[in-house]
1. For a quick check of your reading: which helices (runs of 4 or more DSSP H) sit entirely within segment 1-92 and have at least 1 residues that are open to solvent by less than 50 Å² (accessible area, probe 1.4 Å) and within 27 Å of Phe214 (Cβ to Cβ)?
2. Are there any pairs with C-beta distances below 8 angstrom linking a residue in segment 83-94 that is more than 18 Å from Ile217 (Cβ to Cβ) and among the charged types (D, E, K, R) to a residue that is in a helix (DSSP H, G or I) and open to solvent by less than 30 Å² (accessible area, probe 1.4 Å), with the two at least 6 apart or on different chains, and if so which?
3. Out of segment 213-255, which residues are closer than 30 Å to Phe174 by Cβ, of a type in the set (Ser, Thr, Tyr) and without any contact (Cβ under 8 Å) to a residue 40 or more places away in the chain?
4. Any residue in segment 210-223 that is modelled with pLDDT under 95, open to solvent by 60 Å² or more (accessible area, probe 1.4 Å), among the hydroxyl-bearing types (Ser, Thr, Tyr) and over 24 Å from the mean Cα position of the chain (by Cα)?
5. Which condition breaks for Gly132 when tested against (1) touching a residue at least 60 places away in the same chain (Cβ under 8 Å); (2) surrounded by 17 or more Cβ atoms within 10 Å (Cβ to Cβ); (3) not charged (D, E, K, R)?
6. Does Gly142 meet the test of being in a loop (DSSP other than H, G, I, E, B) and modelled with pLDDT of 80 or more?
7. Within the set of pairs 6+ apart or on separate chains, which have a first residue in segment 33-47 that is within 23 Å of Phe23 (Cα to Cα), a second that is open to solvent by 60 Å² or more (accessible area, probe 1.4 Å) and not in a loop (DSSP other than H, G, I, E, B), and C-beta atoms under 6 Å apart?
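The values are calculated or read from the model by the stated rules, or taken from the named source; none is laboratory data. The model shown is predicted, which means the values in this text are computed figures rather than measured ones. Every residue, glycine among them, receives a Cβ derived from its backbone with ideal geometry; neighbour counts consider all protein chains shown. All accessible areas refer to the heavy atoms of the entire protein, side chains included, with ligands and DNA or RNA removed. Shrake-Rupley method; radii C 1.70, N 1.55, O 1.52, S 1.80 Å.
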Amino acid sequence: MNASIRRNLTAYLFMLPWLVGLFTFIIGPMSSSLYFSFTKYDLVSSPKWLGLDNYRDILLRDDRFLKSLGITFQFVFMAVPLKLAFALLVAVVMNQALRFIGVYRAIYYIPSLVGGSVAVAIMWRQIFDTDGIVNQVLGLFGLEGRSWVFSPQYSLYTLILLAVWQFGSSMVIFLAGLKQIPAYLYESSSLDGANKWQQFWRITLPMLSPVLFFNLIMQLFYGFLMFTQAFIVTKGGPMDSTLVYAMYLYEKGFNFYQMGYASALSWIILVIIGIMTALLFASSKYWVHYETGGKS
């Protein structure tokens with residue numbers, strides 16, 4: 001056995017744990033899900049082949065599929081821009097040379113560490129309930145509150161606020177990007193008479209656009225798959241007003257044991273996320289700037 005083969009075998013040996021995990025926890029389950037999406041499967045009896053029936057029923061006959069998809073798009077298109085805008089604003093402030101700035105950064109990052117937990121979701125439901133803190137504060141000003149969580153008009157907005165509140169991870173990534181912008185660009189623009197607002201639009205945003213693009217892709221992905229908050233805070237209600245896509249998929253698979261139908265739903269959302277991601281990559285050449293080659 002020559003040295004080249006030995007080096008390759010050594011490399012594959014080190015890769016073996018990753019390869020085992022890849023095929024066991026990703027490729028294997030995805031392949032099974034794809035097969036089940038063409039079957040009638042209830043987790044108890046053997047799968048029964050249906051062909052494209054599940055997809056046909058979802059796309060042509062399932063009104064709740066369309067409703068859940070619309071609610072999910074509404075959530076994503078409202079929560080993601082607000083979350084990124086707030087994260088960028090806080091990151092710009094946290095990038096200043098302030099006293100105890102490290103402590104402030106840690107405090108602002110805490111919501112992202114605990115925001116996805118069941119305990120925080122329960123706390124959020126209590127805050128916006130009839131006798132919650134929000135209504136107590138409104139009562140101090142003589143305003144009548146309501147059960148925000150259980151009102152079809154406002155329940156989705158409580159979930160959007162919860163998502164925006166978890167801005168810490170995006171803030172840290174923005175902050176890292178801000179640290180990479182050369183200080184001389186701001187100094188030169190100041191000498192040319194540029195104010196802070198002009199510097200932000202002409203220097204900060206273009207230089208930060210690759211980081212913004214990364215954050216946008218990640219938050220878009222997480223937004224379409226949002227589940228825990230809706231499940232704990234509202235359980236998809238009231239009147240399906242917070243029936244996000246992942247919640248509907250869970251309901252079909254684990255409440256009604258229609259696992260084949262749920263698998264088809266999962267592949268449809270995968271295609272939708274893929275299309276949205278492709279559109280973002282296609283648009284990136286017009287607004288994402290890189291130091292070495294201009295726009296992407």
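1. 3-22
2. Listed by first residue and then by second, the contacts come to nothing, as the list is empty.
3. Tyr222
4. no
5. All conditions pass for Gly132, except number (1).
6. Numbers: in a loop (DSSP other than H, G, I, E, B): yes; modelled with pLDDT of 80 or more: yes.
So Gly142 fits the description; yes.
7. Within 6 Å, the pairs are Thr39/Lys48; Thr39/Trp49.
Yes or no, residue by residue, for (1) closer than 19 Å to Ile58 by Cα; (2) among the β-branched types (Val, Ile, Thr); (3) open to solvent by less than 10 Å² (accessible area, probe 1.4 Å); (4) in contact with a strand residue (DSSP E or B) (Cβ under 6 Å, 6 or more places away or on another chain):
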site	(1), (2), (3), (4)
Met207	no, no, no, no
Pro238	no, no, no, no
Leu243	yes, no, yes, no
Phe256	yes, no, no, no
Met259	yes, no, no, no
Ile275	yes, yes, no, no
Ala278	no, no, no, no
Val288	no, yes, yes, no
